[in-house]
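Take a look at the structure set out below.
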Amino acid sequence: QVQLVESGGGLVQPGGSLRLSCAASGFTFSSYAITWYRQAPGKERELVARISTSGSVTDYADSMKGRFTISRDNAKNTAYLQMESLQPEDTAVYYCAAARRTIWTTLYDYWGQGTQVTVSS
């Protein structure tokens with residue numbers, strides 16, 4: 001059974017940090033590029049960051065550069081999103097998605113169910 005399971009979300013104060021995880025099972029994780037998206041209430045889904053199969057190539061939305069870091073551990077079948085200096089506008093449901101081989105696509109084979117991140121004092 002194919003699964004992508006996000007975890008690590010929660011409530012954090014402005015300026016705080018969180019690390020999200022995206023745990024994969026049921027497919028060859030190392031053959032899939034991983035992308036993190038987020039969707040805030042009433043807003044369209046937004047690409048956050050993406051990482052190639054080996055982890056050697058990463059890409060970020062402009063507003064996340066310098067604050068968010070995407071990484072992966074293929075031995076653990078897990079991708080991560082380290083988020084720093086969080087602000088209320090980062091409040092959203094964060095999703096991970098997997099695309100076979102290529103980082104440069106918006107067609108995904110698998111999606112996770114999402115994890116809620118709330119930034120509030």
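For the range 75-82, backbone phi angles converted through the Karplus equation (6.51, -1.76, 1.60; θ = phi - 60°) give residue-by-residue couplings of 5, 9, 6, 9, 10, 10, 9, 8 Hz, Gly and Pro being listed as x. Here the Karplus curve 6.51 cos²θ - 1.76 cosθ + 1.60, taken at θ = phi - 60°, turns the phi angles of the range 37-54 into couplings of 10, 9, 9, 8, x, x, 10, 6, 5, 10, 5, 9, 6, 8, 9, 6, 4, 8 Hz, with x standing for Gly and Pro.
Take each peptide in 104-115, 17-28, count the other Cβ atoms within 10 Å of every residue, and average; sorted highest first, the result is 17-28, 104-115. Based on protein heavy atoms only, the chain ends up with 50 Å² per residue of surface accessible to a 1.4 Å probe. A cut-off of 5 Å between modelled amide H atoms, ignoring neighbours fewer than 5 places along the same chain, links Thr91 with Val119. Full extension of the chain between Gln1 and Leu47 gives 14.0 nm of extra length, using 0.36 nm per residue less the Cα-Cα distance.
On the chain, 45 percent of the accessible area sits on carbon and sulfur atoms, based on a 1.4 Å probe.
The values are calculated or read from the model by the stated rules, or taken from the named source; none is laboratory data. Please read all numbers here as calculations on a predicted model, not as lab measurements. Ideal geometry is used to build each Cβ from the backbone, glycine not excepted, and the neighbour counts take in all protein chains shown. The accessibility values were calculated without ligands, DNA or RNA, using every heavy atom of the protein model including side chains. Shrake-Rupley method; radii C 1.70, N 1.55, O 1.52, S 1.80 Å.
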